[in-house]
Every structure is written in structure tokens, then in C-alpha cells.
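S.K.: One structure, as C-alpha cells, below. Some questions next.
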Amino acid sequence: MNNMQGATLLNYKNYRYLKVSAAIVLVALVVYVLHDPVGDRAFGGTWLGYTLGVLATLMLFGMMWYGVAKRSITGTPDWSMITDREGEGRDLAEMKARHLRGKPPVNKGLRGSGMLQEWLSGHVYLGISLVVLATLHTGFHLGWNVHTLAYVLMVLVVLSGFYGLSVYLNYPRLITLNMGEDTLDDLLLKIAELDELAAARALDLSDEVNVLVRASCQETRVGGDFLQQLSGSQRNCPTAFATRHLLELGGQYVREEQRKMLRDLYSLLMRKEKLVQRARTDIMLKARLECWLYLHAPLGIALFAALAAHIVAIYFYW
Amino acid sequence: MISCLLIQVTRNSQNLPICKDSVISGETIQIGRGAACKIHLQDHRISLLHATILRTEEGGLYIDGENNVTLKVDGFITLSADLLPGTQIEVGPYALQVEPSDGVHDLILRLELVHPLPAALAVRVPVSLSELGWSKRRFGFGMAAIILFLFMLLPLLPAASSALDKWQSGLPVTLTEAWSPGPLAGGHALFATKCSTCHQRAFKAVTDEVCTGCHTRVSRHLNKADSAAAAFAGMRCTHCHIDHKGREQLVLHDSSKCVDCHGNIKDKKPGTALGNVRDFVSAHPPFHLTVPDIAGSIRYLQDDQAKRGEKSGLKYSHQIHLDKEGVSSPQGDTVMQCQDCHKLEESGKHFVPMTMETSCQQSGCHALDFTDPVTGLAPHGSERAVMNSLRAFYGKWLSASADNRASCKSLSLQDCANELARRNAAATLFRKDLECGECHEITATSDQEVPWRVTPVRINRDWQPGATFVHAKHDTMKCTDCHDKTGSKVSADVAMPTIGKCRECHAGNHPAQGRVASGCDSCHQFHRSAAIP
């Protein structure tokens, strides 16, 4: 994609939302500087504080609406389908059709992918400007209370969004570079085939060789838990271990036929190791591409809860 | 020689057994992956030479595992086992069952692969985060539920029950603590754990009645009857006194609200004597001085008052008393300081009123003595009190001895004492420029008993009652920096500093280089009871 899509995201309609967000931030900053609150105490309770708070809340609802609307259009709450290699090169409308195959689209206010792209562009830029507005809303008064909790959650949501934007713009290209024409399932199939070949080839070789091959076949992990996926590696990978030590066992064979079998086996394991590394890299890139959403979306929901508590607290004890 | 019937069992698609018999014989029967093994098992989980079937010296058969190989016999791990009918031996993934002898073969073995290799050799593990089964929604709504419970539901509970409110106020961490946007100021911190002390009604702003419930002596800026009081309509205490902003932050030091009215007070309150004020440096009228008057007090522009001079009724020369060479006293020449007479009150604002005893006679100076015909000391008091004291003094002296009464001749003792008193008072005390007359203005009267009148002394205690000036805060300066009276020869000289003098150190509402920012409340109080002119 994704350079094209990334570019579309950032410069949608000639940077419309960058301009809008910059204007909002600029106006807010100028007014804040010119604002002379009673006692020089800028906080959320001044007229400017209330204005900034209301504006920030409305923007938050707008950005939250993007997540809801996106789910209704694409059937997925994240960008994984966009970055899925299978989806590469297709536009969002095609993906929408794929994801909603068999059922009519539930369009809640967004008219197709173009609108979705526009909302995403706005989501990114308004999210950045939200940090400025909310910070000015606080008047730089933070403490151990629900009000600051809402602010901190907002900052965390935006920071995770920053990370998401960064990977969204860069990782799809890396995924394509790594995988070429293959898919992950292709690689896993090839790896399984190589495992079978290697196991069969090792049957006529020594037990030591078979131990290495068996470990390579049965204990090599492609993927795994959260950290293993993010790291894209396996500690003491049996396949890497086997390729390193296989040739050391060649000295015991005197017959040329056995040596040739060992070389063939080595070749098979080398091919497997490269495939395993590519598969792990693919899993790693996709995991890094998606992991932020496991913070961004839940923290966004938590933010709304904290925001509700913040607003109720302010007006309940007026 | 061992003769063995090997029955190899495989399974069809319906999982039904398919048996294939073969006869093996030899001195020993090897089991393994190696091509030389008589029982050849094509599985990499089997060693090249996994185990060997041997005959004992007694003629029995047993199986012996190779080094690093373990066998499982009837579920127990062992290195070797007798091959008796019914014995079940696990050889790697294979099960080897010894069948009852048929009388033809020494041994009948049933061999079946019971742990086949999986279709894919490698174990499948999650290859994407979505396969981990994590739920963003569950995580998010879980956090939201916790936040709503801790920070919305719990803080609301005290409002529902006063008993609960009272109970929770004693907790180390109160239920409402998370709602407090900041520390309460000063004494308000005492009831920080009980929000309902001030926030008495939900969704209603804190009322003035809540404040005045405790602060009963706070005066209004304007009386309700004042026409200008309408300017404060709709304002509440909390508009200026914003709490939850820190321990020391409750009093508003901001001139903007003052300037809202006083910036154009001439229009807002026609006929007022007050001048428009916007900033101490750039827009503040010259100082006025307030002096006592028969009707109470009168305010004059400072320049006018300087021309008028102070009419204190006292004759006093600061120049003489502050002479650098010293002023003569019974202890010799004494260099006096301002503080010798002007002693600061504990409040640090005003000075203790001076008295004759503490300020003028403390070193033996200004003793009111008379000498004819005997020496005595007159008290400092009213003219009548002085005369009564003199009469009493001479009456006592005359009655002390006949010699003393000799000069009375035909006069009675009382008349003689009165005469001595009058004569001494005229000669030594009530003189124009000496004794009493040295400090006081004395005029003659027709009163027979007290034929003099001393002009009452009225030293102005507060020249600017509308302002608060704390001398103690200015103790880094010399008195004469602001009140230069070292050259003053008469008490009529007024030495109050002008606004220009204050501006040398004080900036206006905003800080300036080398000067301290000074808002309205630096000198003026909002809650004051003084009448507004």
C-alpha cells in the first residue's frame, strides 16, 4: 500500500484536516495566551477552560465515532485487513465488499471507503490537536484525581495512536518486502513439507542427526505468545541449532552416499531456517502493526468512562 | 536361534486393523531404524538400533533396550523385560504385544504404530495477535467498569446517606477523594474529607450562605442600600475565592475585578470622590490624606494637605531631636533615633501612641519641675490636674512645719498653698516657651483657679485609613527614606510619602524590572466597612 494509502491518509484533500487541526490549535493557543483569568489562575473552570473542555469532548466523540463507524463498514475494528497482504492493492471498497460478503453493509453515516478515509485523516489530526486542547483545558494543573486520570488516559490513547500511525505508514511496505508473493500460510506449508523431507532424509543417518532433525521439526515455533510474536524470534531455535551443528556430525560418515544425504539434509534445514525467519518476521511485523490497537481501543473506552466521571464530578459538586 | 512371527497391524480409514504377518529368525532379533535390523521401523523417533530380543541361558526370551533407550513395559519404564505372553512393550511410538505361543514359533509379536506423527510435524501456535483470543472490548469495558465504579459510583454514595458520608470521612482514603481537583485552602482543609460541608446540594453551586455560616464577621464591600451595590448582583463568594487551588491560594490577588468598577468609577457612581483607577503605576490618582476634624475626618489631596500643614497643637522640632550631634539630656548629649519615640505596634501597621512618660520623660528629659520655694515635680496632665497637684503639694509642705508657714503671714494655709501654686505655675510651668509652653500652645483664660489653657494635642494616627500599610514589611528601609523629618523644625510639617515614592519600588498589576507587582489588594481591602465617599 501503502505509501499511497498513507499519503492519502495524511494529505487527504490537500491536508484538509491538518489545516483544520492547526487552525484549532493556533486559535486555542492565542486565546489561552491572551486570556487573563481571574487571579491568573487558568483552569477548567474559567470560561476558556469550559470552552476548551466542551470542544475537546465533542472532538473525542467524533473520533470515537470513527471507531464505531469503521467497525460497521469493514467489520473489523482495526487496520489489519488493510495491511493484510491479500488485501493489498485493493481499495477499501473492495475490502468492504469482502468483509461484508453475504450480508448488506450497515452504513451508519459513512458513505463508503472514501468517507472512511476522510474520517481516518480527521481522526489522526484532530487526535493530535486534542492533546493541546486538553492540556490548555487543564491549565497545567494535574493531580491524583479522576480529572487527571481522564487526561492521562487521553494522552495514552493519543500516544498509542501515534505509534499506530507510524507503523501504519511504514510496516505494510516491510511486510511486502519480506513476503514477496508468498502468504504466511504458504510459508507454513512449505516449512511443513521441508520438515517431512528432512525427517525422511534423516532416517538413514545417525541418531544424533535424527535428534537434531526431530527437534527442528517438533520444537520450532513460528509465532507463539504475545512477546514471541512481537520479538519475531525463538530462544534457542531448534532449526537454527540444527543447521549450526549438523555438519559437525559429518565426520562419522565415510561413505559418500551418507555424506551426500547429510548435505541434502543440511540444504533442507537451511531452506527451512530462511522460511521460518521470513514467517516469524511476517508475524512480528503484523503483531507490531496490530498490538497498539490492544491499547488504543480499550484505553479509548476507559477514557470515555473517566471523562464521564470527570464531568459528573464537576457538576455534581458544582 | 529365535523364531518369531511378527504381526504388523495397520488401520484402514474406518480404523479397522489390517494385519500383515512375517516370520523372522536369528540368534538375536534387532529392533531399530537401521536397515540391518530384522524388525525395521521407519520412524525417526526410533534409534538406529533401538532394542534386541535375546534368549537367556535358561531358554527364555527377553528384550533388552540399547543405551539411551528406555522401554515401557506394561506402563513401567525399564531397560529390559521378559517376553511373556500378554506383555505389552512400548518401543518409541510403537506398541509391541507378546501373543500366546502357537507351538510353531518361539515368539509371536504384534506390532502397531500407536503414536503416528501428526500431519504437520511442528506444533501449531498462534501466528497472529487475534489468535491469542484477547478481546479489546472486554479489556476496554472492563477498565471502564472499574473506573466508573471507583470514580463515579463510590464518590456518589456519600451524597445518598449522611451516615455513610460521616463514616467515609474517617477513612484514610475517602470515597470522594478522587473528585477533589486540588488541595483546599488553609482552614478549609479541616473538612476536606466531607465535601457536603460546602457542597450541600447536588448540582448546585456553593452558596454565599455556606461561607457566611462560618465567616460571620466578613463585611460587605458596599452596603446593600448603596446604589452601586447592584454591581455585585449575581456574584458569589466563590467567584473570587476559588478553592481547591492549593493551601495558600484562596484569597484572590487580582485587580481585574476591582478595575471592572473602579476603572471608571466616576461614571458608575456619579458624584463620588474616588478617582478612576486601573493600575497603581499608570492610572492611580494622587494620594489623599485624611485628617481629624470636628465632624469626624476630612480627606484632602496630599499636595493640599502639605500646604495646610498638620494642626496637632503640639510644638515639636524633629530637627533638634534628631541632631546627629545629639540632644542634651540629663545623661549628656544623646543621639536619638526615630524608634525612640515611634514604637511599632505588634500588628506592624501603626505605631503605639506616644505619651509624655514613655516618649519625653524616659531619660529624665522634660521633667516638669518647679523650684520656689521648694523643688517639686508637676505631673503631666490637664491644666486643672496640674494646678490641683501643685496645691496639694504646697498644702502638705506648709503643714509640715511652722517655718514653712512663716511666709504665709495672714493667709490661711489653704490660701497660702493656692498662692504658691499659682505663683509657681505662672513662673515655671505655664510659660510661653518653656516647660509646658515648650511643647504646648498656652493661652491665658479668665478662670481664677486655672488661668491657662493648653491647646489639646491631636496627633494624626492614620493618614490613609482607606489603605493598609504594613510598616513591618518595609523594615529594610530607613524611616527617613519615606518620612524625611530630619530638617523639620515645626510639627506642622507633613512628611507622608507621595505616590511617586511608592512607585520607586512598586509596579502596577504586572511585574516590572526591579519592582514588585502590586495589585489593588496590596494596599486596599475588599471586605471593608469604611464608608464609601
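Only the coordinates and a few stated rules stand behind these numbers; no lab work does. Everything numeric in this text was worked out from a predicted model, so none of it was measured. Positions of Cβ are backbone-derived with ideal geometry, glycine not excepted, and every protein chain shown enters the neighbour counts.
S.K.: Pop a pseudo-label 7 angstrom from the Cα along the beta-carbon direction at both B:GLN88 and B:VAL352 and give the gap in nm to one decimal.
M.R.: My value for the distance between the label points is 11.2 nm.
S.K.: Express the relative contact order of chain B as a whole percentage, based on alpha carbon pairs under 8 Å and six or more residues apart in sequence.
M.R.: Reported as a whole number, the value is 10 percent.
S.K.: In percent, what relative contact order does segment B:87-246 have, based on Cα pairs under 8 Å that are 6 or more apart in sequence?
M.R.: Relative CO of segment B:87-246 lands at 14 percent.
S.K.: Tell me, which longest segment in chain B has none of the GluC sites (Glu not before Pro) that fall in DSSP loops with at most 13 further Cβ atoms within 10 Å?
M.R.: Longest stretch, sites excluded: B:59-247.
S.K.: Same structure, new question: Amide H to amide H under 5 Å from B:THR498: which residues, 5+ apart in sequence or cross-chain, H placed 1.01 Å off N in plane?
M.R.: Under 5 Å from the amide H of B:THR498 lies no amide H from a residue far enough along the sequence or on another chain.
S.K.: Charges at C-beta only: +1 for Lys and Arg, -1 for Asp and Glu. How large is the resulting dipole of chain B about its Cα centre, in Debye rounded to 20?
M.R.: Here the size comes out at about 2580 debye.
S.K.: Amide H of B:SER329 versus every other amide H placed in the peptide plane: which residues, excluding those fewer than 5 positions away on the same chain, fall under 5 Å?
M.R.: Placed amide hydrogens put B:THR334 under 5 Å from B:SER329.
S.K.: Using θ = phi - 60° and the Karplus curve 6.51 cos²θ - 1.76 cosθ + 1.60, what whole-Hz ³J(HN,Hα) does each residue of segment B:235-251 get, with Gly and Pro shown as x?
M.R.: Computed from phi, the couplings for segment B:235-251 are 7, 10, 3, 6, 5, 9, 9, 8, 8, 6, 10, x, 5, 10, 10, 7, 7 Hz.
S.K.: Now for a separate question. Rounded to the nearest 500 deg cm²/dmol, what is the calculated helix-only ellipticity per residue at 222 nm for chain B, with -39500 (n - 2.57) per DSSP H run of length n ≥ 4?
M.R.: Result for chain B: -5000 deg cm²/dmol, rounded to the nearest 500.
S.K.: Also: For segment B:442-450, just list the computed ³J(HN,Hα) in residue order, Karplus coefficients 6.51, -1.76 and 1.60, θ = phi - 60°, integers in Hz, with x standing in for Gly and Pro.
M.R.: Per-residue couplings from phi come out as 10, 10, 7, 10, 8, 5, 6, 7, 10 Hz.
S.K.: Give the relative contact order (percent, whole number) for segment B:2-113; include only Cα pairs under 8 Å separated by 6+ residues.
M.R.: For segment B:2-113, the relative contact order is 23 percent.
S.K.: To test your reading of the geometry: what angle, between 0 and 90 degrees and rounded to tens, separates the Cα axis of helix B:383-398 from the longest principal axis of chain B?
M.R.: Approximately 70 degrees, to the nearest ten.
S.K.: Compute the signed sum of charges (Lys and Arg +1, Asp and Glu -1) over the other residues within less than 15 Å, Cβ to Cβ, of B:ALA81.
M.R.: Neighbour charge sum, excluding B:ALA81 itself: -3.
S.K.: Do any of B:LYS269/B:LYS311; A:LYS272/B:LYS72; B:LYS204/B:LYS268; A:LYS190/B:LYS136; A:LYS190/A:LYS286; B:LYS224/B:LYS245 go past 24 Å between their Cα atoms, and which?
M.R.: B:LYS269/B:LYS311; A:LYS272/B:LYS72; B:LYS204/B:LYS268; A:LYS190/B:LYS136; B:LYS224/B:LYS245
S.K.: If r is the Cβ-Cβ distance from B:ILE459 to B:LYS266 and R0 is 41 Å, what FRET efficiency results, to the nearest 0.05?
M.R.: 0.75
S.K.: Still on this structure, I have one more. Would you please give the residues with an amide H less than 5 Å from that of B:HIS440, counting only those at least 5 places away or on a separate chain, with H modeled from the backbone geometry?
M.R.: B:LYS315
S.K.: Modelled label-to-label distance, A:THR51 and B:ILE18, 7 Å Cα→beta-carbon offset: nm?
M.R.: Going by the 7 Å Cα→Cβ label model, 8.6 nm.
S.K.: Okay, next question. For every other residue with a beta carbon closer than 12 angstrom to the beta carbon of B:THR358, add +1 if it is Lys or Arg and -1 if Asp or Glu, then tell me the sum.
M.R.: -1
S.K.: Net charge near A:LEU187: determine it from the other residues with C-beta under 9 Å of the C-beta of A:LEU187, scoring Lys and Arg +1 and Asp and Glu -1.
M.R.: -2
S.K.: Hey, rough spin-label estimate for A:LEU26 and B:TRP134, points 7 angstrom out along Cα→Cβ, what's it come to in nanometres?
M.R.: Result: 4.0 nm between the two label points.
S.K.: Tell me, A:TYR317, B:TYR300 in order of fewest to most beta-carbon neighbours within 10 Å?
M.R.: Placing the least packed residue first, the sequence is B:TYR300, A:TYR317.
S.K.: Give the separation of the Cα centroids, segment A:46-74 to segment B:156-220, in Å.
M.R.: Between the Cα centres of segment A:46-74 and segment B:156-220 lies a distance of 32 Å.
S.K.: Another one. May I ask you to derive the FRET efficiency for B:HIS474 and B:GLU248 from their Cβ-Cβ distance with R0 = 30 Å, giving the value to the nearest 0.05?
M.R.: According to the calculation, E is roughly 0.85.
S.K.: In cubic angstrom, how much convex hull volume per residue do the alpha carbon atoms of the protein assembly as shown span?
M.R.: Taking the convex hull of the Cα positions in the protein assembly as shown, it is 376 Å³ per residue.
S.K.: With Kirkwood's inverse mean 1/r over C-alpha pairs for Rh, give me the Rg to Rh ratio of segment B:153-250, two decimals please.
M.R.: Expressed as Rg/Rh, it is 1.04.
S.K.: Same structure again: Working from the pairwise distances between different alpha carbons, so that the mean of 1/r is found and then inverted, what is chain B's Kirkwood radius in Å?
M.R.: 36.1 Å
S.K.: Next question, about the same structure. Quick one: angle between helix B:136-148 and the longest Cα principal axis of chain B, in degrees between 0 and 90, rounded to 10, please.
M.R.: So the inclination is approximately 30 degrees.
S.K.: Pop out the ³J(HN,Hα) list for segment A:299-313 in order, Karplus 6.51 cos²θ - 1.76 cosθ + 1.60 with θ = phi - 60°, rounded to Hz; leave Gly and Pro as x.
M.R.: 5, x, 5, 4, 4, 5, 5, 5, 5, 4, 4, 4, 5, 4, 4
S.K.: Now a separate question. Report the residues of segment B:73-103 in range of a label on B:TYR62: point 7 Å along Cα→C-beta, backbone N strictly under 12 Å from it.
M.R.: Label zone hits: B:79-84.
S.K.: Sticking with this structure for a sec: Taking the Cβ-Cβ separation of B:ASP372 and B:ALA273 as r and a Förster radius of 60 Å, what is the calculated FRET efficiency to the nearest 0.05?
M.R.: 0.60
S.K.: So what's the gap between the Cα centers of segment B:14-85 and segment B:474-533, to the nearest angstrom?
M.R.: Spelled out, the Cα-based centre of one part sits 114 Å from the other.
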